[in-house]
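Working notes for the structure below.
The values are calculated or read from the model by the stated rules, or taken from the named source; none is laboratory data. Computed from a prediction, not measured in an experiment: that's the story for all the values here. Because the Cβ atoms are built from the backbone with ideal geometry, glycine has one as well, and the counts that use them run over all protein chains shown. Areas reflect the complete protein model, heavy atoms only, side chains present, ligands, DNA and RNA absent. Shrake-Rupley method; radii C 1.70, N 1.55, O 1.52, S 1.80 Å.
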Amino acid sequence: MTLDRRGFLVAAAATVGAAVQDSLAGSGPAGRVADPASAGRAMSVTTAADTDAAYQAIEKQLKCSCGCGLDIYTCRTTDFNCTYSPGLHRQVVALAEEGKTAQQIIDAFVAQYGQQVLMAPPRRGFNLVGYLLPSLAVLVAAAFLIVMLRRWTRAAAVEAAAAPPVPRGSVDASPAELERLRRELERLPS
């Protein structure tokens with residue numbers, strides 16, 4: 001059976017009107033809503049330690065070990081499927097409750113997981129190359145660009161000075177071209 005445009009539109013309008021939204025939850029064609037606890041892991045109760053700015057500052061310096069590349073705080077608050085960041089957060093809280101300072105907590109994480117747990121490498125030793133090399137590369141590129149632009153402008157100025165001046169009135173054109181130019185100029189409105 002072949003439908004023309006009008007027949008197709010009539011059939012489409014009839015099917016759109018047939019889909020009625022549920023007036024009572026669970027009574028229509030959408031079905032029943034399952035128990036939310038069966039949809040995934042249960043979320044733990046939020047405590048004051050979860051929103052403490054001091055803990056957040058420490059967690060923002062430490063990388064989550066789930067492989068996302070985010071810091072612990074960001075991973076814990078945005079990726080609710082991550083099973084690593086809540087445990088790392090509890091570890092930060094436990095170390096802080098033992099009375100350790102922020103630097104001691106970070107040092108404990110480095111001792112346990114290595115330097116790859118840090119969001120930024122420490123500014124010492126060979127790591128300084130990573131901090132200084134990009135700035136040095138930009139400065140070298142800028143110096144090279146300045147030298148080349150000056151060289152090009154000087155060369156252009158020397159060429160312009162060395163070129164013989166064209167005397168006014170002397171034109172390298174044939175008499176036919178000059179006549180055509182004169183006619184075109186006469187056609188222009190004054």
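With respect to MET148, determine if the residue is open to solvent by less than 90 Å² (accessible area, probe 1.4 Å) and in contact with an Asp or Glu (Cβ under 8 Å, 6 or more places away or on another chain).
Here the answer is no, as MET148 does not meet what is asked.
Among GLY31, GLY26, which is the only one that is outside any helix (DSSP H, G or I), touching a Lys or Arg at 6+ places or on another chain (Cβ under 7 Å) and either over 22 Å from ALA108 (Cβ atoms) or at pLDDT below 60 (or both)? I'd like the intermediate steps shown before the answer.
On the way: GLY31 fails: touching a Lys or Arg at 6+ places or on another chain (Cβ under 7 Å).
Selected residue: GLY26, the only one of GLY31, GLY26 that is outside any helix (DSSP H, G or I), touching a Lys or Arg at 6+ places or on another chain (Cβ under 7 Å) and either over 22 Å from ALA108 (Cβ atoms) or at pLDDT below 60 (or both).
Name the pairs whose Cβ atoms lie under 8 Å apart, with the first residue in segment 70-91 and under 17 Å from ILE106 (Cβ atoms), the second part of a helix (DSSP H, G or I) and basic (Lys, Arg), and 6 or more positions between them or separate chains?
Partner pairs satisfying both residue conditions: SER85/ARG76; LEU88/ARG76; HIS89/ARG76.
With the condition being more than 26 Å from TYR55 (Cβ to Cβ) and more than 42 Å from the chain's Cα centre (by Cα), I'd like the helices (runs of 4 or more DSSP H) fully within segment 84-190 carrying at least 2 qualifying residues.
In segment 84-190, the matching helices (runs of 4 or more DSSP H) lie at 127-162, 175-187.
Can you tell me which condition ALA96 does not meet? The list is (1) open to solvent by less than 70 Å² (accessible area, probe 1.4 Å); (2) more than 19 Å from THR46 (Cα to Cα), and all the others hold.
Of (1) open to solvent by less than 70 Å² (accessible area, probe 1.4 Å); (2) more than 19 Å from THR46 (Cα to Cα), only one is false for ALA96: (2).
Taking the condition surrounded by 10 or more Cβ atoms within 10 Å (Cβ to Cβ) and not aliphatic (A, V, I, L, M), does ARG154 pass?
Yes, satisfied.
Taking segment 59-74 only, how many residues are farther than 16 Å from ALA120 by Cβ and either hydroxyl-bearing (Ser, Thr, Tyr) or part of a helix (DSSP H, G or I) (or both)?
So the count comes out to 1.
Can you name the condition, by its number, that PHE126 falls short on among (1) modelled with pLDDT under 90; (2) open to solvent by less than 70 Å² (accessible area, probe 1.4 Å)?
Condition not satisfied by PHE126: (2).
Within segment 57-84, restricting attention to residues that are polar (S, T, N, Q) and modelled with pLDDT of 90 or more, which residue is least open to solvent (accessible area, probe 1.4 Å)?
Residues of segment 57-84 polar (S, T, N, Q): 61, 65, 74, 77-78, 81, 83.
Right, trim to modelled with pLDDT of 90 or more and you get 61, 74.
On the way: GLN61: 91, THR74: 41 Å².
The qualifying residue least open to solvent (accessible area, probe 1.4 Å) is THR74.
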